[in-house]
Amino acid sequence: MKHQSLINHQQKNYKRLKNSDNHNANTSNKILKNRFIYTMDKKPKITVIGAGFAGLSAAALLAKDGCDVTVLEKNEMAGGRARTWEKDGFLFDMGPSWYWMPDVFENYFKLFNKTTSDFYELKRLSPSYRIYFGKDDIMDVPSTLEDLYKLFEELEPGSSKNLESFLAQAKYKYDVGMNEYVFKPSHSVMEYFDPRLAVSGIKLQLLGNMRKHVHKLFKNDKLRKLLEFPVLFLGATPQNTPALYSLMNYADLVLGTWYPIGGMHKIVSAMQKIAEEQGVKFIFDTEVKKIVVNKGIAEEILTNKGTYKTDFIVGNADYHHIDQHLLDEPYRNYSAEYWDSRTMAPSCLLFYIGLNKKLKNILHHNLFFDENFDEHAEEIYTEPKWPSKPLFYACCPSITDSSVAPEGCENLFFLIPIAPGLKDNESERQKYFDLLVHRFKNLTGNDISDSILFKRSYAMNDFIEDYHAFKGNAYGLANTLKQTAFLKPSMKSKVTNLLYTGQLTVPGPEYPLQSYLDRWQQKK
């Protein structure tokens, strides 16, 4: 039967509902009959709250399966954190700037008989990125394995053999992790009681941490920093990140760093176009204020622009916000104390800068590791405070793509990882901007102080205002061992016809994100 996967899920939730203290069997049977059994002549009316990556993929796949799908988005465009900002001929990606795991995007587009080349041109960056360890002390990370092995030998003779072994393990983790673990809905620990997964779990090094894994194989401090760098995307220190996540090194060093000409929002535009081709309707500038639940069933969604009736909801907005603010207390999955006890990934202080000149001595992606990584991490995770000597990242996409800045100008943004939940104000932001401009000049030779046409800062208050981000986080939950797989907030809700997706549930804040509904559609 069409929609059978959706029906099966709803029937399982119905059994849970039937046994609850709040509903009797007769009422639940009536609800099931009237609301959850669909035939070919009645399309399920699905509402997706939020148009981030997970919401876009869920919407498109549900519509492809014959559902009537509407996406309600608080902001003026799709993409969630991957929105854009335009000013005076400059085009800024406000969120993700690294294009890794190209196979994930290709696999998604194949579900609709498309390929990335139908929507945008991909360019592999070479070198992939640059790391500044100090003035006149840089490392350009090669885009080929041959050059990468040479780099390791130069810095640590004999280390190329260890790198070969490290990357072979990382490839195994990537293949198994992406195909066996990421695609599990993680409703229960029982999903992982599989002899095949038990064997692979040992090889995946789920209980070891990245710091020990890297330091066991490599002695050179620069090589260690290079290999520990990708876990910054996962929101935890190398000491608290499972060694499983060396799979990110495979994504980085083997699969490569890419860039879609026109900007990262080209991905969002492609996903939105695919969704619209399936019949998905998008309603922007519409903020959800409340989910009206009657006897365990979500019936209406109240917004700042009206009320929407629905049969099923996919919650792609901030999980904490939906759970704690859009639902009445009896239907919340977790308590306020539960959320306060979560280890959050960092927030960010960002600056989007338009320059009236071209820059020298930098690449598209630039990492500044001239200060102590562990001290900065301490100020994010252990004793949260504004960092005293922050590491930072600078992206200059106009070096690769002339379309994102006027001729003779440069599109530049800075990023500093910071602890979520800090007091955020303009004076603090300006203090760090001045610091970044000074260090950028000293390390790269580029003095931008007199060439700034405009700048826009973006930090915790903005993440909260634009996305209802819990504690102003930028990357969701930290991927610690205690917040991995079934230990993340559940995709299931106490509300029978509500599922969560996005960065605070499975699989987590790894970019790119795919929704649970995306996954069950693929498995059908």
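The values are calculated or read from the model by the stated rules, or taken from the named source; none is laboratory data. Model, not experiment: these values are computed from the prediction. Because the Cβ atoms are built from the backbone with ideal geometry, glycine has one as well, and the counts that use them run over all protein chains shown. These area figures cover heavy atoms from the full protein model, side chains too; ligands, DNA and RNA do not enter into them. Shrake-Rupley method; radii C 1.70, N 1.55, O 1.52, S 1.80 Å.
A straight chain from SER427 to GLU299 at 0.36 nm per residue would run longer than the Cα-Cα distance by 41.5 nm.
Net charge of the neighbourhood of LYS305, taken over other residues with C-beta under 12 Å away and scored Lys/Arg +1, Asp/Glu -1, is -1. Measuring nothing but protein heavy atoms, the accessible surface of region 386-465 at 1.4 Å probe radius is 49 percent carbon and sulfur.
3J(HN,Hα) couplings calculated from phi for region 344-350 with the Karplus curve 6.51 cos²θ - 1.76 cosθ + 1.60 (θ = phi - 60°) are, in sequence order, 8, 5, x, 9, 9, 10, 10 Hz; Gly and Pro show x.
Expressed as a whole percent, the accessible surface of region 62-133 that belongs to carbon and sulfur atoms is 43, based on a 1.4 Å probe. In this structure region 228-369 gives 33 Å² per residue of accessible area when probed at 1.4 Å with all protein chains present. In this structure, the residue pairs whose Cα-Cα separation is over 32 Å, taken from LYS219/LYS482; LYS360/LYS423; LYS225/LYS358; LYS150/LYS471; LYS171/LYS281; LYS42/LYS471, are LYS360/LYS423; LYS150/LYS471; LYS171/LYS281; LYS42/LYS471.
For region 250-317, give the percent of accessible area contributed by carbon and sulfur heavy atoms, probe 1.4 Å, rounded to a whole number. Each step should come with its number before you reach the end.
Values: 1190 of 2430 Å².
Solvent-exposed carbon and sulfur of region 250-317 make up 49 percent of the total.
For region 377-425, the solvent-accessible area with a 1.4 angstrom probe is 38 square angstrom per residue.
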